[in-house]
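**Q** A single structure is presented below for examination.
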Amino acid sequence: MRVKYEVEHPQTILAIVEAGLGISLVPASLQLARRAGIAYRPLSPPGPALETVIAWRRDSELPLVQALVRVARDVARSRRSLA
C-alpha cells in the first residue's frame, strides 16, 4: 500500500475518495454527508470506540455553555453507572 495523501479535514477525505484517489476509514457519522459515488460499509467486527471530550472556556459565564457542560456531565455520569 502506498500513502499518497494524508489529510485531516473530513470533507477533504470524502472529496479524495469521491474523486477515486483513495479509500479511508471514517467515522460512521460521515455517512450523513451522502456524497454521490461513495459507498459506506460498517466494519465487521466493529472498529475501536473513539473517546469524545468536550472543551470550553473555563471562565465562560454564558448560560448556553454552562447548560451544555451540565448536560455532558450528566450523560457521562449515567454512562459510568451502566459500566
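Values quoted throughout were computed directly from the atomic coordinates according to the rules given, and no laboratory measurement underlies them. Remember, predicted model here, so these are calculated numbers, not experimental data. When we count neighbours, we look across all protein chains shown, and the Cβ atoms used for this are built from the backbone with ideal geometry, even at glycine.
**Q** With point charges of +1 on the Cβ of Lys and Arg and -1 on the Cβ of Asp and Glu, referenced to the Cα centre of the chain, which listed residue (55, 65, 43) lies farthest in the positive direction of the dipole?
**A** 43
**Q** With semi-axes √(5λ) of the Cα gyration tensor in Å in mind, check [x] 34, 18, 12; [y] 25, 16, 10; [z] 28, 18, 10 and report the label derived from this structure.
**A** The value computed from this structure is option [x].
**Q** Roughly what would the spin-label model give for residue 12 and residue 82, points 7 Å off Cα along C-beta, in nm?
**A** Modelled inter-label distance: 3.5 nm.
**Q** Between residue 66 and residue 5, what length comes free when the chain is fully extended (0.36 nm per residue of separation minus the Cα-Cα distance, one decimal in nm)?
**A** Result for the pair: 18.0 nm of gain on full extension.
**Q** Where the only charges are on Cβ atoms (+1 Lys, Arg; -1 Asp, Glu), what is the dipole of the chain about its Cα centre, to the nearest 20 debye?
**A** Using Cβ point charges on Lys, Arg, Asp and Glu, the chain gives about 220 debye.
**Q** With labels modelled as points extended 7 Å from the Cα through the Cβ direction, what inter-label distance (nm, one decimal) is found for residue 53 paired with residue 31?
**A** Spacing of the two 7 Å Cα→Cβ label points: 2.9 nm.
**Q** Then there's this: I'd like the Karplus ³J(HN,Hα) series for the range 64-70: coefficients 6.51, -1.76, 1.60, θ = phi - 60°, whole numbers in Hz, and an x wherever there's a Gly or Pro.
**A** Each residue of the range 64-70 in turn: 5, 5, 4, 5, 5, 4, 4 Hz.
**Q** Report the residue, chosen from 67, 39, 28, that carries the largest GNM mean-square fluctuation when the chain is represented by alpha-carbon nodes joined by springs under 10 Å.
**A** 67
**Q** I've got another one for you. Before anything else, pin down the relative contact order of the chain: Cα pairs under 8 Å, at least 6 apart, normalised by residue count, whole percent.
**A** Worked out over the chain, it gives 17 percent.
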